[in-house]
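The structure under discussion appears below in the form of structure tokens.
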């Protein structure tokens, strides 16, 4: 079981090279709280250097709405690993991972309201800024409609992808 509480502030939007696209008129402030409960079953020959066996992990993570416009949802993650010894010193590993977000209460998805929340400083002629703003509005609308499941990237899964990649 674990509990986390995070706060963040967005003051500017940057491109992939770190160049500022726009500074927000007012910094966007957000916060998240999360409670995680899990169970693990390890039937392996060695906990740290597994060569044969089976591992199963099930986690439930609660993501309550922090503000009226936010969605309230929970995430259920399943992770199953099978270790099969191959040859003299090799191990073949099969991994099944699934993460599902289940929305209890949909958040505010009105794009005009989200635009006002973000308070971008886009001029009508700045297409890069307008496109970035719309991408963020679309991401927030999707998250407030469907929740956000655990990402596939990061240090514990698909390590060749950065944290947050392939997030739904």
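The numbers here are math on the coordinates, done by the rules we state, and not lab data. None of the values given here were measured: they were computed from a predicted structure. Reconstructed Cβ throughout: ideal geometry from the backbone, glycine too, with neighbour counts over all protein chains shown.
So, R0 is 22 Å and r is the distance between the beta-carbons of residue 14 and residue 93; what FRET efficiency does that work out to, to 0.05? With R0 = 22 Å, the Cβ-Cβ based efficiency is 0.05. Temperature 20 °C, viscosity 1.002 mPa s: under these conditions the Stokes-Einstein estimate for the range 61-106, based on its Kirkwood radius over C-alpha pairs, is 161 µm² per second.
Roughly what % of Cα-Cα distances in the range 33-73 sit above 11 Å, to the whole percent? For the range 33-73, the fraction of Cα-Cα distances above 11 Å is 70 percent. In this rough spin-label picture, where each label sits 7 Å from Cα along the Cβ direction, the residue 1-residue 24 distance is 3.4 nm. Cβ-Cβ distance of residue 106 and residue 41, R₀ of 41 Å, FRET efficiency by 1/(1 + (r/R0)^6): the value works out to about 0.75. Its residue count N sets the reference 2.2 N^0.38 Å, and the alpha-carbon radius of gyration of the range 2-146 equals 1.47 times that reference. Treating the Cα atoms of the range 78-137 as identical point scatterers in vacuum, please give the log10 of the normalised Debye intensity I(q)/I(0) at q = 0.26 Å⁻¹, two decimals. Ignoring solvent entirely, the Cα scatterers give -1.04. Of all the options 56, 120, 87, the one that moves most in a Gaussian network model of the chain with Cα springs shorter than 10 angstrom is 87. Residues considered: 69, 143, 61. Largest GNM mean-square fluctuation over the chain, using C-alpha springs under 10 Å, is found at 69.
Ellipticity at 222 nm from helices only: DSSP H runs of n ≥ 4 in the chain, each -39500 (n - 2.57), divided by the residue count, give -5500 deg cm²/dmol.
In whole angstrom, the range 1-65 maps to an equivalent ellipsoid with semi-axes of 40, 19, 8, each derived as √(5λ) from the alpha carbon gyration tensor and ordered largest first. Highest mobility in the GNM of the chain, judged by mean-square fluctuation with C-alpha springs under 10 Å and restricted to 60, 74, 42, is found for 42.
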